[in-house]
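To start, the structure itself, in structure tokens.
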Amino acid sequence: MYIVTAQQMRDLDQYTIEQLGIPAMSLMESAGKAIAEEVIAWCGGQQEEQADVPRGRALTNEGGIRSDERVIPDRSRQHWLVLVGKGNNGGDGLVAVRYLMDAGIAVTLLYAQDPQELTGHAAAQRDAAHRSGIAYRVWSEEWNLHAETEEGNKQESGINHTASGSKQAEHNQHPWSNYTGIIDALLGTGSKGEPREPYASIIRSANISGKPIIAADIPSGLNADTGEVAENCIQAQVTVCLAFLKQGLTQYPGATAAGEVVVRSIGIPRSTAKQAGLRAHLITDDVLRDVLQIDTSRARAIDGHKGTYGHVMVIGGSMKMSGAGLMASRSALRIGSGLVSWALPEQLMKHMVGHVPELMMIPASEDPDGQWKADTAQTIVEQTAKADVLAIGPGLGRFEDDNEWLRTLWEETQQPLVLDADGLNILSEAEGLSRWPRRQADTVLTPHPGEMARLAGVSTADIQRDRIGIARDFASKHGVVLVLKGARTIVASPQGDIFVNTTGHPGMATGGSGDVLTGVISGLMAQGLSGLQAAAFGVHLHGHAGEEAARKRTGNPASLLAGDIIESL
Ligand SMILES: NC(=O)C1=CN([C@@H]2O[C@H](COP(=O)(O)OP(=O)(O)OC[C@H]3O[C@@H](n4cnc5c(N)ncnc54)[C@H](OP(=O)(O)O)[C@@H]3O)[C@@H](O)[C@H]2O)[C@@H](O)CC1
Ligand SMILES: Nc1ncnc2c1ncn2[C@@H]1O[C@H](COP(=O)(O)OP(=O)(O)O)[C@@H](O)[C@H]1O
Ligand SMILES: [K+]
């Protein structure tokens with residue numbers, strides 16, 4: 001599934017209209033119809049939850065005559081308020097109301113501004129809606145809700161039924177109380193900066209009203225590119241995203257504001273995205289197979305042998321963080337590497353013997369405290385000659401002259417490399433990655449946001465504000481595959497490709513789960529995948545394994561240990 005920025009979406013719209021000759025009004029019609037269909041489906045689903053009734057989307061089939069006339073039991077009780085901005089996003093809302101009305105759902109328009117201020121296609125849709133007899137209001141102070149009345153409004157919307165009669169009556173007089181749900185068609189991809197008044201007040205009041213909100217394209221107040229939310233941003237139950245998935249809906253906090261995201265086609269051929277050279281995708285099975293050309297079955301050749309599936313060498317572990325190297329090594333084995341070796345301090349090795357019999361161990365540092373030493377670099381270079389992939393960093397710790405140590409490995413080994421944890425911290429204190437020579441072989445960096453902040457020399461908050469933009473820039477600038485971890489992990493290639501992962505859950509925010517990922521990615525590279533393929537497939541499999549592991553245990557993600565993820569790979 002493609003992911004687009006607001007500008008890319010505008011370019012695709014323009015191309016479709018000008019080059020393909022599909023009229024803008026026709027796109028808007030499809031957009032509004034799609035939004036209405038999702039509202040109808042949502043209403044049907046809600047009623048299905050409350051009682052065992054057919055879903056709103058079902059086609060009627062009477063005497064062999066089929067029609068898309070909707071079956072919405074109790075539809076007379078539904079009354080939706082459509083918030084209309086003055087741009088094309090408002091135009092989508094104005095189309096939707098016609099279809100909702102047709103489905104027997106009562107609708108009222110609430111314009112943010114004088115409807116005469118609408119221009120272009122939105123103005124034409126306004127006229128069509130008004131001529132169809134749809135009622136409208138224009139925003140005024142009487143609609144304004146303030147946070148202090150929030151409790152009352154929750155009561156009024158039925159969340160708390162203990163409200164006293166008089167309080168209830170007071171809130172029932174509020175204009176918002178007349179509606180069962182809200183469509184947010186205030187601002188879409190043309191929005192710039194924080195919503196101005198009266199948009200900010202409308203958004204705040206809609207949220208406070210406690211009514212379910214379905215957003216058109218993006219929640220108003222969301223930055224469509226970064227996923228940042230304005231102080232006043234619609235908190236939607238569902239977002240009906242039009243044509244292509246907007247980047248900002250894939251990243252938090254935008255993903256929370258969007259609720260469930262449904263991407264609906266509006267007649268822009270999908271091939272236009274390919275022609276336009278779009279390079280960002282959500283990681284799905286189709287994308288792994290068709291875009292990244294990965295055999296996701298992970299089938300093995302009948303005559304395969306352990307040499308076929310590659311040799312990973314993990315370089316890490318120290319007395320204080322012994323488990324990290326072990327977990328990375330075990331994960332590399334579990335994901336199917338033919339052989340895995342672990343280079344570790346000799347003192348530590350004594351304690352590890354027998355823990356994982358399948359693992360080969362290489363005593364690499366004679367330090368009596370079980371720490372690494374810089375003079376091991378040359379020996380490691382020699383010993384890695386037999387490995388196909390190196391994974392440096394899990395549990396490594398910091399040590400004197402670790403900078404020179406890493407630079408030697410960086411420059412003098414020829415194999416693909418995965419760098420994690422303290423490997424990244426050393427790198428961020430190096431003279432500057434930009435001054436180190438580019439490695440010929442694939443190099444994958446797997447920072448969490450804190451490590452990314454150190455690498456980029458900015459704060460963690462800066463990273464989280466624009467994760468995709470930062471990952472893309474860093475990967476291109478330094479010629480590496482970058483895996484920016486955390487909810488909705490991003491994989492960025494040196495060529496500017498972006499892949500966003502949706503698997504996994506907050507239970508994976510537990511010590512060691514990043515070490516498992518390092519093992520998974522290096523193990524996949526050992527089996528012949530490129531750094532980019534292994535990173536994208538690896539984060540997807542790692543997240544799935546986390547989900548599976550939580551299910552197998554108590555079902556509560558909080559109980560997950562990193563070791564459980566390995567067992568579910
Ligand atoms: N053919 C197409 O293109 C199709 C587009 N489609 C739909 O159109 C949407 C994009 O439409 P769009 O480009 O008209 O922009 P839109 O999001 O409605 O907002 C612009 C308006 O908001 C205003 N405004 C801006 N910032 C503001 C702020 N901070 N606070 C307050 N106001 C602000 C701005 O006013 P201005 O600042 O210019 O005075 C302008 O009036 C897209 O998301 C999709 O839903 C679909 O129908 C399919 C076909
Ligand atoms: N909320 C979340 N949703 C999905 N995945 C998550 C979430 N929180 C953490 N993860 C994943 O768990 C792993 C944690 O890695 P990391 O922070 O390096 O942990 P550690 O250093 O303890 O090994 C990453 O792969 C990250 O993407
Ligand atoms: K919107």
Consider P212 against the criteria (1) away from ligand 3 (no atom under 15 Å from the Cβ); (2) at pLDDT 95 or above; (3) out of contact with any helix residue (DSSP H, G or I) (no Cβ under 7 Å at 6 or more places or on another chain); (4) of a type outside the set (A, V, I, L, M, F, W, C): it satisfies all of them except one. Which criterion is unmet? (1)
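Just the residues that are charged (D, E, K, R), farther than 26 Å from S318 by Cα and open to solvent by 30 Å² or more (accessible area, probe 1.4 Å), please, taken from the stretch 443-478. Break it down stepwise before answering.
To start, the set of residues in the stretch 443-478 that are charged (D, E, K, R) comprises 451, 454, 462, 465-467, 472-473, 477.
If we keep only those that are farther than 26 Å from S318 by Cα too, we end up with 462, 465-467, 472-473, 477.
Residues satisfying the conditions are D462, R465, D466, R472, D473, K477.
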Give me the residue from the stretch 524-550 that is more than 15 Å from ligand 2 (Cβ to nearest atom) and assigned to a helix (DSSP H, G or I) and, out of that set, farthest from the chain's Cα centre (by Cα). A526
Condition (residue is of a type in the set (S, T, N, Q), exposed (fewer than 15 other Cβ atoms within 10 Å of the Cβ) and modelled with pLDDT of 65 or more) applied to the stretch 72-91: is it met by at least one residue? no
Here are some residues: T226, T250, T256. Which one is open to solvent by less than 10 Å² (accessible area, probe 1.4 Å) and closer than 19 Å to I490 by Cβ? T250
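Go through D375, D369 for me and flag whichever is in the same structural domain as R407 (by TED's automatic domain parsing), outside any loop (DSSP other than H, G, I, E, B) and more than 15 Å from S522 (Cα to Cα). If you could, list the steps in order and put the result at the bottom.
Numbers: D369 fails: outside any loop (DSSP other than H, G, I, E, B).
Sole residue among the options that is in the same structural domain as R407 (by TED's automatic domain parsing), outside any loop (DSSP other than H, G, I, E, B) and more than 15 Å from S522 (Cα to Cα): D375.
Conditions (1) outside the structural domain of F474 (by TED's automatic domain parsing); (2) farther than 17 Å from V480 by Cβ; (3) small (G, A, S); (4) at pLDDT 95 or above, marked per residue:
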position	(1), (2), (3), (4)
G423	no, no, yes, yes
L427	no, no, no, no
S434	no, no, yes, no
T443	no, no, no, yes
Name every residue in the stretch 92-120 that is under 17 Å from E37 (Cβ atoms), in contact with a strand residue (DSSP E or B) (Cβ under 9 Å, 6 or more places away or on another chain) and either outside the structural domain of L186 (by TED's automatic domain parsing) or open to solvent by 10 Å² or more (accessible area, probe 1.4 Å) (or both), in order of residue number. D92, R98, M101, V107
How many residues, within the stretch 112-129, are within 12 Å of ligand 1 (Cβ to nearest atom), not in a loop (DSSP other than H, G, I, E, B) and not small (G, A, S)? 3
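Out of the residues in the stretch 450-464 meeting the condition of being within 16 Å of ligand 2 (Cβ to nearest atom) and under 21 Å from the mean Cα position of the chain (by Cα), tell me which one is nearest to D422 (Cα to Cα).
Kept after step one, since they are within 16 Å of ligand 2 (Cβ to nearest atom), are these residues of the stretch 450-464: 450-455, 460, 463-464.
Checking which are under 21 Å from the mean Cα position of the chain (by Cα) leaves us with 450-453, 460, 463-464.
Values: G450: 12, E451: 9, M452: 12, A453: 14, T460: 17, I463: 19, Q464: 21 Å.
Filtering first and then ranking leaves E451.
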Filtering the stretch 254-310 for residues that are modelled with pLDDT of 90 or more, in contact with a Phe, Trp or Tyr (Cβ under 8 Å, 6 or more places away or on another chain) and charged (D, E, K, R) leaves a count of 1
Number of positions in the stretch 299-326 that are open to solvent by 40 Å² or more (accessible area, probe 1.4 Å) and touching a helix residue (DSSP H, G or I) at 6+ places or on another chain (Cβ under 9 Å): 4
What pairs can you find where one residue is in the stretch 196-211 and aromatic (F, W, Y), the other is buried (at least 21 other Cβ atoms within 10 Å of the Cβ), and their Cβ atoms are less than 6 Å apart, with a gap of 6+ or different chains? Y199/A112; Y199/L186
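The values are calculated or read from the model by the stated rules, or taken from the named source; none is laboratory data. Keep in mind it's a predicted model, so treat the numbers as computed, not measured. Every residue, glycine among them, receives a Cβ derived from its backbone with ideal geometry; neighbour counts consider all protein chains shown. Heads up: the accessible areas ignore ligands, DNA and RNA and are worked out on the full protein's heavy atoms, side chains in. Shrake-Rupley method; radii C 1.70, N 1.55, O 1.52, S 1.80 Å.
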